[in-house]
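Data first, discussion second: the structure below is written as structure tokens.
Just so it is clear, none of the values below were taken in a lab; they were calculated from the coordinates. Note that the coordinates shown come from a computational prediction; the quantities given were computed from them, not determined experimentally. Using ideal geometry, Cβ is built from the backbone for each residue, glycine included, and neighbour counts are taken over all protein chains shown.
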Amino acid sequence: MDVVRTAIGLMSGTSMDGIDVALIRTDGRGFIERGPFLGMPYDAEFRGRLKRALELARPLRDRNQRPGELREIELELTLRHATAVTAFLEHFGLAANGVDILGFHGQTVLHRPDEGLTIQIGDGRELACRTGLSVVYDMRANDMVHGGQGAPLVPAYHAALAGKFQQAGEAVCFVNIGGISNLTYIGADGRIAAFDSGPGNTLIDQWVEMQTGRTYDPGGEIGGRGKVVPALAERYLNSPFFRGNVRRSLDRGDFAPLRPDEASLEDGARTLAHVAAASIIKSAGFLPERPSAYIVCGGGRLNGTLMGELSAMAEGSRVLSAEAAGFDGDAMEAEAWAYLAVRSLDGLPLTFPGTTGVAAPVSGGVLARP
Ligand SMILES: Nc1ncnc2c1ncn2[C@@H]1O[C@H](COP(=O)(O)OP(=O)(O)OP(=O)(O)O)[C@@H](O)[C@H]1O
Ligand SMILES: CC(=O)N[C@H]1[C@@H]2OC[C@@H](O2)[C@@H](O)[C@@H]1O[C@H](C)C(=O)O
């Protein structure tokens, strides 16, 4: 019988809004028992430090390079993750010795799949020392070494969950709307196809922050008062990203923010919510078939304007939130990192030709013991 482990996943995503912490019990295969979840938001000062890390990383050509200030930010990020683990255990009254493994994503500071380069800051060894727990980290690198896009990695987890929702004969598609959006199609026969689908919340967040100082559009209420500016929407939707037969994974900086004078606050937010929804539907055109249902995870599902646009464009497919499908849309990525850590321990593949374009299924991740 396969070993069931207790794993905690730690995700600091491209939105840079905080650390998501989730616990699951799993054998890294079909058995998944979901446990508690806690989101720990970053303060404005630290978000500024992470933005600085993106700048510092831009000239890097080697994934192990850490020029001085970037190394400082990496350590700070790692300590915040250690604190998040302690807070999580305390909050839910859990004992550290009941946890077998931490799955640590770190923060992506540069992602250039065309150059075979992906850099996540976050020191797995230091995290293991600080928490006294074993850590699997750096899970994207091996995929790229073998010709993959280095992302998305969540599809292996989506595929394992799909059976809990999917009806016989039905194809479903998980949609993650984080800073960037990505899709995982699971066919009636279990076939997986996955890729990044386009800009998610980042453009909306950048626009709203630039105009108001708030870091996002709560509920999509600002965009709800605006109208789509077609010329601006087309500028994004005509991107070469949506053409050609090879799906690319995205860096946070691949789509340029709107310029401050290009639209009113409301019209800009509405246009960018439209762009996020239309990107998903455009990219879904590359799936093997139209799914019966889109199951939406990530913070974008809380943007009512974006969700309204997506439902209107989905043509016959149901659009439902992760919760409506029986999952937790905030916890999904952190749960996935816990699941992937367990798979890594067992040497099981994290990525597949159908998910990242890797030549053959490969495992990945580096293990650090305390
Ligand atoms: N109540 C809300 N209303 C509207 N938007 C929201 C709300 N809560 C969160 N969001 C959006 O969701 C974003 C965070 O989403 P999420 O945590 O899924 O992203 P991430 O994991 O950082 O990104 P990625 O999946 O690209 O790595 C926020 O930056 C914000 O734009
Ligand atoms: C390089 C990187 O960090 N990519 C993220 C980003 O955020 C969403 C999308 O782009 C996805 O490809 C990926 O994250 C998720 C968790 C993944 O790998 O599945």
Potential lengthening between Glu33 and Glu55 on full extension [0.36 nm per residue; Cα-Cα distance subtracted]
4.0 nm
On full extension of the chain, what length is gained from Glu289 through Arg369, given 0.36 nm per residue of separation minus the C-alpha to C-alpha distance?
24.4 nm
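Compute the whole-percent fraction of alpha carbon pairs in the chain spaced more than 29 Å apart. It would help to have the intermediate numbers written out before the result.
Details: 25343 of 68265 pairs.
For the chain, the share of Cα pairs beyond 29 Å comes to 37 percent.
For the stretch 276-315, which GluC sites (Glu not before Pro) are in a loop by DSSP, counting at most 10 other Cβ atoms within 10 Å?
Details: sites: Glu289, Glu309, Glu315; in loops: Glu289, Glu315.
Sparse-neighbourhood loop GluC sites (Glu not before Pro): Glu315.
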Under a point spin-label approximation (7 Å from Cα along Cα-to-Cβ), what is the Lys227-Lys164 distance to one decimal in nm?
4.4
For Lys227, go through the lysines and keep the ones whose alpha-carbon is under 28 Å away, minus same-chain ones fewer than eight residues off.
Lys282
Which order results if Ser321, Ser279 are arranged by neighbouring Cβ count within 10 Å, fewest first?
Ser321, Ser279
Where in the stretch 44-143 are there chymotrypsin sites (Phe, Trp or Tyr not before Pro) that are in a DSSP coil and have at most 15 other Cβ atoms within 10 angstrom of their Cβ?
Phe92
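For Ser321 and Asn64 in the same chain, what is the full-extension length gain: residue separation times 0.36 nm, less their Cα-Cα distance, in nm?
Numbers: separation 257, 0.36 × 257 = 92.52 nm, distance 3.80 nm.
Going from the current span to full extension adds 88.7 nm.
For a footprinting-style exposure proxy, rank His91, His111, His81, His146 by other Cβ within 10 Å, fewest first. Don't skip to the answer; put the middle values down first.
Details: His91 12, His111 25, His81 29, His146 16.
With the sparsest Cβ surroundings first, the list reads His91, His146, His111, His81.
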Rounded to the nearest Å, what's the spacing between the alpha carbon centres of the stretch 15-42 and the stretch 218-259? Just the number, please.
29
Rounded, prolate or oblate: which fits the stretch 165-325 when a ≥ b ≥ c are the square roots of the eigenvalues of the alpha-carbon gyration tensor, with rounded for a/c under 1.5 and prolate only if a/b beats b/c?
prolate
Yeah, the stretch 39-162 with a ≥ b ≥ c from its alpha-carbon gyration tensor (a/c under 1.5 is rounded, else prolate when a/b outruns b/c, oblate otherwise) is oblate
